[in-house]
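First comes the structure, then the notes that go with it.
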Amino acid sequence: MSSAILMPKVGLTMTEGKIVEWRKAVGDRVEPGEIVFVFETEKVSFDVEATQSGKVSRIIVGEGETVAIGTEVALLDDASAAAAPAQVAAAPPQGDVPAKDNPASVRAEPAPARGSSKTRATPLARRIAKVNGIDIAQVAATSPGTPLKKRDVESYLAGLAVRTTSAPGSAAMPTPADGRLVKLTSMREVIARKMVASTVEAAQAYMVVSVDAGNLVDARTRLIPSIEKQTGVRPTLTDLFAKIVAVAIERHPVMNTRWTKEGIVFLDAIHMGIATALDDGLVVPVIGNIGTKKLAEIAVERHDLIEKARSGKLPPERMKGSTFSISSLGMFGVEEFSAIINQPESGILAVGAIIDTPVARDGAVVIRPMMKLTLTYDHRIIDGAKAAAFVATLKDVVEEPLLALA
Amino acid sequence: MTETRYIKAINEALHEEMTRDENVVIIGEDVGAPGGAFGGTRGLLQAFGDKRVKDTPISESAIVGLALGAAMKGLRPVVEVMFADFLPVCMDQIVNQIAKTRFMFGGQFAAPLVIRAPGGAGLNAGPQHSQSLEAWFAHIPGLKVVMPATPADAKGLLKSAIRDNDPVLVLEHKALYASSGDVPAGEYLVPIGKADVRRTGKHVTIVTLSRMVLDSLEAAETLAAQGIDVEVIDLRSISPLDRQAIFSSVEKTSRLVIAHEAVKSFGIGAEISAMVSEEMIDVLDAPILRVGAPFSPVPFSQEREYLPNAADIVRAVEKVMNY
């Protein structure tokens, strides 16, 4: 008697997972608690442990392949056969993949349970699913809430198509004549999808301002000893910057908005996304309720998030819900650049390097540590004058951080 | 093509058919010298004489029975019943006799007659002069039922009805009598049993008839401004029903709203909804919604509030689009 190990669902929006490593081979025995395979979703990888003992009899989904949640990835021969695994294999998963029916589970994060097990779908959605040989329940897992309609199934199928073209050995895969092909990671796919979607969705406009960063640098220098002693973390310019931007946003609530079909939502809390480069990609960890946090708290939280992100262990929910983002490439010496809005936010601030620059002050040329800030804003919501007012406040507060207390 | 009023188009059809075929005769109350209660038979008495245009007493059952006998003997009577609300008075003749003649006589007799009757509300004519009873008649095998929405269809369907070898009930809409539209001059036939796609669209199909065609087209304009592309099908004939036109449209749009002026319960909308569910449920991406009048007699004082209108249709379409 064998039971199927399914691709689990972690987090509300997970639709598929890519198997990055099989820790067990066919013929290996597994015991509860042992890691069977590792998969990655969007930007994070997870270890999957066995929840029952048995022998791996077949690996269905190989390393590097991406499959929808609920897909059988391997079969486990179950000597005790106490559970009814045949049933698990035969019955299509309804909604989330219940942890108890899956002989493997994700360590640390059990799949959230969902109420109803009956999939609501229009007859047309069901037919399209059937014609394409997919289980409507798999689509259900990706679009909870209203009944499944044609567009839900079609977007699910579109996802499958994308996956098929990037699957190993696929005929549709482009083969570069000369050069080296790097296969798409889940993270790269997410980045690509989000960036393109953002440029299609929002009316992005840009505004650049030069600010004198002298006082900001001073402030940080003076704060370092106390915060480092208190927390063990050195506050970065980005930490200070995140706090200061939040102060400016508080004075210009239109920057903290979201476009919806019904209208523009002015959000109460500011959750700051901090775009962070990794060796092979990009993540945007979120400092929630930044307006209420002290610099020391921000520094500790940012440090912790980025450490987790670099080791691929940042939980998806810590990369969600930001209401405004900042992106800094100053450390690479980049003077100025423009960033793409992190949907569904209304703005993102691109922070350039601090560079000693000759500027005119009181009729004389002086050398000042200047920095260029580029605001990308969604012109559907924010008009040029509103964006300019925000930028002016931002300039004031960066040039005189004490104003943040005013 | 000339701009003609709906009632004038009917009058034109009668003139043309009486000129074409001397077996076409007119029977009804006030159809002679007064030219009909709404002017449909105006000028016919003068043009064709009192042998072919018969004024009758107020006796709907006798009028329709007379027409049946005349039809069985080879004439092609066109009866005017002053209000469709009076059709129940002659229901036995229509349902038990006229509709069954061809079947009862094994095809040796037919009943090639036309009953014209104005239905519908909109003129504050009260509960006994404003009903939409088409579903009753569409339920009877042996009767054909048509409901023109435009002057051109009023002419073309009436001419086809007169030439049809089976009894045809032409339910005109009294609130449309004064409406105008282009009507082809001379010979113009609209086939019975063929619907008309009055507006093409890809998101949702509205199947409608009679006065509600105008409301549906108005609703379609409103919805177009929201980016919702509506297809409007004017049934024109209720029986036989152009099933293929409905199926083709729903196949394309996957969403269906049916709009009629009659009481929603047990109406034409219920029939079409059931038919589509039976034949093609797997193309539907939202529930089928009906727009119709509430389950109440047509009120005299609050007719406007009672009648389904374009806003009701817009709401129904939005509901299926947002399902």
For this session: Can you work out which of the residues in the range A:263-311 that are among the acidic types (Asp, Glu) and modelled with pLDDT of 85 or more is farthest from residue A:226 (Cα to Cα)?
Result: A:268
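So which of A:329, A:349, A:314 is at pLDDT 85 or above and buried (at least 20 other Cβ atoms within 10 Å of the Cβ)?
A:349
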For this session: Give A:358, A:401, A:344 a once-over and let me know the one that is surrounded by 15 or more Cβ atoms within 10 Å (Cβ to Cβ) and more than 21 Å from residue A:200 (Cβ to Cβ).
Result: A:401
Seminar exercise, completed: Of the residues in the range B:50-109 that are surrounded by 16 or more Cβ atoms within 10 Å (Cβ to Cβ) and of a type in the set (S, T, N, Q), the one that is nearest to residue B:7 (Cα to Cα) is B:56
Exercise. Which condition breaks for residue A:9 when tested against (1) of a type in the set (Lys, Arg); (2) assigned to a loop (DSSP other than H, G, I, E, B); (3) more than 31 Å from the chain's Cα centre (by Cα)?
Worked result: (3)
Exercise. Only one of these conditions is not met by residue A:235: (1) touching a Gly at 6+ places or on another chain (Cβ under 9 Å); (2) crowded, with 19+ Cβ neighbours inside 10 Å; (3) not in a helix (DSSP H, G or I). Which number is it?
Worked result: (1)
For this session: Report yes if residue A:282 is touching a helix residue (DSSP H, G or I) at 6+ places or on another chain (Cβ under 8 Å), more than 20 Å from residue A:220 (Cβ to Cβ) and assigned to a loop (DSSP other than H, G, I, E, B), otherwise no.
Result: no
Seminar exercise, completed: residue B:229 meets each of (1) of a type in the set (Asp, Glu); (2) touching a Gly at 6+ places or on another chain (Cβ under 6 Å); (3) under 18 Å from residue B:153 (Cβ atoms) with one exception, condition (3)
Exercise. Within the range A:251-275, how many residues are loosely packed, with under 15 Cβ neighbours inside 10 Å and either within 19 Å of the chain's Cα centre (by Cα) or small (Gly, Ala, Ser) (or both)?
Worked result: 2
Problem set entry | Criterion (at pLDDT 85 or above and assigned by TED's automatic domain parsing to the domain that holds residue A:20) met by exactly one of A:51, A:66, A:41 | A:66
For this session: Name every residue in the range B:193-219 that is within 23 Å of residue B:168 (Cβ to Cβ) and among the polar types (S, T, N, Q), in order of residue number.
Result: B:208, B:210
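The values are calculated or read from the model by the stated rules, or taken from the named source; none is laboratory data. What you see is a predicted model, and the numbers here were worked out from it, not measured in a lab. Every residue, glycine among them, receives a Cβ derived from its backbone with ideal geometry; neighbour counts consider all protein chains shown.
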